[in-house]
Amino acid sequence: MSTDVEQFKIHDEPFYRPQRGEIDLYRAAYQERLPVMIKGPTGCGKSRFVEYMAWSLGRPLITVACNEDMTASDLVGRYLLDANGTRWVDGPLTTAARIGAICYLDEIVEARQDTTVVIHPLTDHRRALPLDKKGELVKAHPDFQLVISYNPGYQSLMKDLKQSTKQRFCGLDFDYPEKDLEIAVVAKEGGCDEAVAAKLVHIGEIARNLKGHGLDEGISTRLLIYAARLIAQDIAPDAACRMALVAPISDDADIRATLYHAIETVFA
């Protein structure tokens, strides 16, 4: 059965603003079909960047949200029963390898290590994917590329990639944008003016300084955009910030009080 490649194409340009030369670096890696690993905190633009590059390169994009229950069969495929007996159904990784898509494994450390090893043959000179259950060796399409991402802030002995996996990839380090760029992004994506965006970014900076001092992770650019979108709907700034910036990241009364005070001060 043929695959409709167009369903995986991104036809409208995703909004993305470069930070540190990552577009040229990624484009060079793609020209050599090198696998790429993108590391950075949650909500800093990793997935948007991959979407933008797939659009820029004109390649289909197949995204997999990794989780601890994901098996190798979920990636490569399995036999399924139907009215005529059994039939093989390709998984997203196999589909991407066949059609020459960019396969993006989002938050790969959430998957079990015995699952992620299935990607190894696609990330070296072999560029092939063995389908053991089917007895087939899928040679990757010349345009195929594998991209993975994760948040290094959540690493632990149980949730980390093996060196045998890490050293198959080039790496790009992402972080939250510089202040002026983040203000522009929040204003554009949040539909607010830059004055409001600047105040939201300032609150984000305050929260990020609390990382390691009561917060596991600072307020992401994504959450700042959520707050801006609420304000654009005529929600009072303090209520919008409490909903979008404070409630999702902490249940600690002291941390919340600190952030509530910051919100009141900034929007006074």
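Read-outs throughout are calculated quantities, based only on the coordinates presented, and are distinct from any laboratory measurement. Predicted, not measured: the structure shown is a model, and the values here were computed from it.
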Principal-axis tilt of helix 253-266 within the chain, Cα atoms, nearest 10 degrees: 70 degrees
Nearest-ten-degree value, helix 179-190 long axis tilted from longest Cα axis of the chain: 80 degrees
Stretchable slack from Arg17 to Ala253, in nm (0.36 nm times residue separation minus alpha-carbon distance): 81.4 nm
Rel. contact order, % - alpha carbon contacts under 8 angstrom, at least six apart, the range 1-128: 26 percent
Sum of -39500 (n - 2.57) over DSSP H runs of 4+, divided by residues of the chain (222 nm, nearest 500): -10500 deg cm²/dmol
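In percent, how large is the relative contact order of the chain, given Cα pairs closer than 8 Å and 6 or more residues apart? Please report the intermediate quantities before stating the final value.
Details: 431 pairs, mean separation 52.0, N = 268.
19 percent.
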Sequence-distant residues sharing a close amide H with Leu131 (under 5 Å, placed H): Glu136, Leu137, Val138
On Cα atoms only, tilt of 22-31 relative to the major axis of the chain in degrees: 0 degrees
